[in-house]
1. Once you wrap a convex hull around the alpha carbon atoms of the chain, what is its projected area averaged over all directions, in nm²?
2. Give the cross-link partners of Lys131 among the aspartates and glutamates, using a straight C-alpha distance below 19 Å as the criterion and excluding same-chain residues fewer than 8 apart.
3. Asp130 to Ser216: extension gain in nm, 0.36 nm per residue of separation minus the Cα-Cα distance?
4. Exactly which GluC sites (Glu not before Pro) in segment 148-220 are in a DSSP loop and have at most 10 other Cβ atoms within 10 Å?
5. Along Cα→Cβ, 7 Å out, is where each label goes; now give me the distance between the ones at Ala118 and Ile190 in nm to one decimal.
6. Between 0 and 90 degrees, rounded to the nearest ten: what's the tilt of helix 118-131 against the longest Cα principal axis of the chain?
7. How many percent of DSSP beta bridges within the chain run antiparallel, rounded to 5?
8. Put Asp112, Asp88 in order of accessible area, largest first, 1.4 Å probe: what do you get?
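The values are calculated or read from the model by the stated rules, or taken from the named source; none is laboratory data. This one's a predicted model, so the numbers in the text were calculated from it and none came from an experiment. Cβ coordinates were reconstructed from backbone atoms using ideal geometry, including for glycine residues, and neighbour counts include every protein chain displayed. These area figures cover heavy atoms from the full protein model, side chains too; ligands, DNA and RNA do not enter into them. Shrake-Rupley method; radii C 1.70, N 1.55, O 1.52, S 1.80 Å.
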Amino acid sequence: MSTTSIEELFVHNREWAQQMERDRPGFFTGLMAQQKPRYMWIGCSDSRVPANQITGLEPGEVFVHRNVANVVVPSDLNCLSTIQYSVDQLKVEHLMVVGHYGCGGVLAALEDARVGLADNWIRHVKDVRDKHGVLLESLSPQWRHDALCELNAIEQVINVAQSTVMRDAWARGQKVTLHGWCYSLSNGLITDLQMTVPGVGGLAEVHAQAVALVASRQRD
Ligand SMILES: [Zn+2]
């Protein structure tokens, strides 16, 4: 467990800034001019899932939105605003929804655990659980949590795809591809859930194939 103090955070920050400037003179002033990320990441707030480090991306390379259990709710102005800005203004080319195995929010939804105010948020993951109840029940208990982490990421990709922002972007011919991924805390590797959506059309087929892969991946 880290014992880093607040003062040490500032020390680390100064060391990092100096190191960056030594290695890449003009790095910060270059970024001041503009940000031009190619990627947007929607992930869980979990401290063990940092978007940049996992993917080797530097400041300026990925636009990030995180919340408990990486949920995309059609009425969540916070999430929708970040998607809108990244797609309409920054012109990101890829948007990935990244779940992670061992997600506490997903487990709470799976087990109907009470965690407090967040229960209301996790309700959205319970909708995913209920939608795929038959599939989850068919799996042995040790795979259900992993499967729901994957299914949740897949369903959130659907929510992004059906948002007005994406529909408008694709209608005007903008190239943005959506992806559903799941990150492993135990080995640091990302699994591509094959929930890849390059535009309108074919969403139901891609979804059905991705869900079928969840079932085949969680074998005993
Ligand atoms: Zn999580």
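1. 14.1 nm²
2. Answer for Lys131, where 19 Å is the Cα cut-off: Glu111, Asp112, Asp119, Asp146, Glu150, Glu155, Glu205, listed by chain and number.
3. Full-extension gain reported as 29.0 nm.
4. none
5. Distance between label points: 2.3 nm.
6. Approximately 50 degrees, to the nearest 10.
7. 20 percent
8. Asp112, Asp88
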